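Please treat every number below as a calculation from the coordinates, not as lab data. Note that the structure is a prediction, hence the values are computed from the model and not measured. FYI the Cβ positions are ideal-geometry reconstructions off the backbone, even for glycines, and counts take in every protein chain you see.
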Amino acid sequence: MTARVLRAGAATLLFAFAALSIQPDALGSHAAAAEGNTVTVDGRDVTVHVRVDVNVADEVLQSEIGRTAFLGWQDKINDYWNQGLRQLQYDGCLTLHVDVQMAVISVDDWKYRSATEDYLKMTTQPGHHVISFDLNPSRPVVFDPYQPDAGPGMDFTSPFKYDLDGNWSDELETARDFAHETGHLMGLGDDYQDVPADGGTRSESLPGREGTLMDSGDAIDQNIADRLGDTIRKAGIKLPTCWTGTMTSSANETVTADNVGLVCSGTWTTALSLTIAGDGTVTGTAVATVDGPPACQRGHGANPQMEVFRAPVTGSATDTELRFRLGTPSSYEPAGSADFTALTATIYGADPSGATFTVPITSPGHAQGEQSLRFVVGANSFTSDNTLDLTCKHC
Ligand SMILES: [Zn+2]
């Protein structure tokens, strides 16, 4: 049975049905409390909370087995989305998660309220979408009277601003099918469209979208993750920003004979990936690669000299600058290597009081600067001259 579905276009039809069947006192005013999905942020993790109240048949509602079985779709939908999304990053630093909270309700638990001038929607409480589950096979649909022109291939922010309603049916047979419909409740449009064929219509994948979850397939791909994140932002919800870029470093150190005795120099290219939370807190990672072997007067013994190191990044940001420092390296490559030159210290800062990089934001979404680190104790010195360049797509 096909699981292809339609998300919009039938609002007028439902209104006609609603106008016939409602009682006048069922008409409420617009809900004042916040409607729509909510989004929470924990570090680099962004979670969309989708509350769905599903009006099921009495025989399902009154049977514990039936109720439990239906509510089992909740975890399956969440697993489906989260297994796909956890392999992807949005904006280069964020991981998106889905938290569907499903409840089963009876026909007595919801009422019609006016959504727009010409649309009545099923409602329960603010922040909950309402779906009527039809045991007869029919095309599942989410109605969006707020952005009625959003057709196939067009995402819509309404589910983050308003509670929507719609119909699901026995055509939904698998976790994939339920996950697809939940995609509409997160503002994702279909990756297919209906085209005329043989006096009727047939479904046709949009270019490049064959086999995706929002088509008739399984794939939660980068495009879907990007669209979900973009839709959240377009709905006016602030997400952490992601800055990526590079730092090139020319590093020198001199350590006197009393302290090993070493003169060394090398250049590094460091890939930076920073996340800036709403309060300006900076977290991230740095992956520094030495450009060729460091030039040192002293051998490295049997173990290989470290060529790549990874370090955590912490700091704070304002509207005008990024401030951060690299922490102690957390891993070295190749395996078994060590930093015999101690050159890493010239970048992450041998200075125990901290070596902070301050990078001016020179234009929206672009931070650029040069900075030298100098840590000198007597005749020993660790220094680096660094050029930094970072960009942020959504700043
Ligand atoms: Zn659909």
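With a cut-off of 12 Å between beta carbons, the residues surrounding ASP163 carry a summed charge of 0, where Lys and Arg count +1 and Asp and Glu -1. Beta-bridge orientation, the chain: approximately 80 percent antiparallel, per DSSP, counting only bridges with both partners inside. Taking the DSSP bridge list for the range 11-234 and keeping only pairs wholly inside it, about 50 percent are antiparallel. For the chain, the tally of Lys pairs with Cα-Cα distances below 18 Å comes to 6, considering only residues 8 or more apart or on different chains.
Sequence-distant contacts, meaning Cα pairs under 8 Å at least 6 residues apart, place the relative contact order of the range 241-391 at 25 percent. Relative to the dominant Cα principal axis of the chain, helix 175-184 is inclined by about 90°.
Expressed as a whole percent, the proportion of Cα-Cα pairs in the range 241-391 lying more than 22 Å apart is 39%. Per residue, the convex hull spanned by the alpha carbons of the chain comes to 186 Å³.
Start at zero, step by 10 Å, and the Cα-Cα distances of the range 58-169 spread as 12, 34, 37, 15, 2 percent across the bins.
Only helices enter this figure: runs of n ≥ 4 DSSP H residues, each worth -39500 (n - 2.57), summed and divided by the residues of the chain, yield -5000 deg cm²/dmol at 222 nm to the nearest 500. Taking amide H as placed 1.01 Å from N in the peptide plane, LEU322 has its amide H under 5 Å from the amide H of VAL359, ILE361, each at least 5 places away in sequence or on another chain. Computed over the alpha carbons of the range 130-235, Rg followed by Dmax gives 13.7, 41 Å. For CYS242, neighbours were defined as the other residues whose beta-carbon sits under 11 Å from its Cβ, and their charges (Lys and Arg +1, Asp and Glu -1) total +1. Axis of helix 64-85 versus longest Cα principal axis of the chain: the two differ by about 40°, to the nearest ten degrees. With Cα atoms as the point set, the radius of gyration and Dmax of the range 11-234 evaluate to 17.3, 53 Å.
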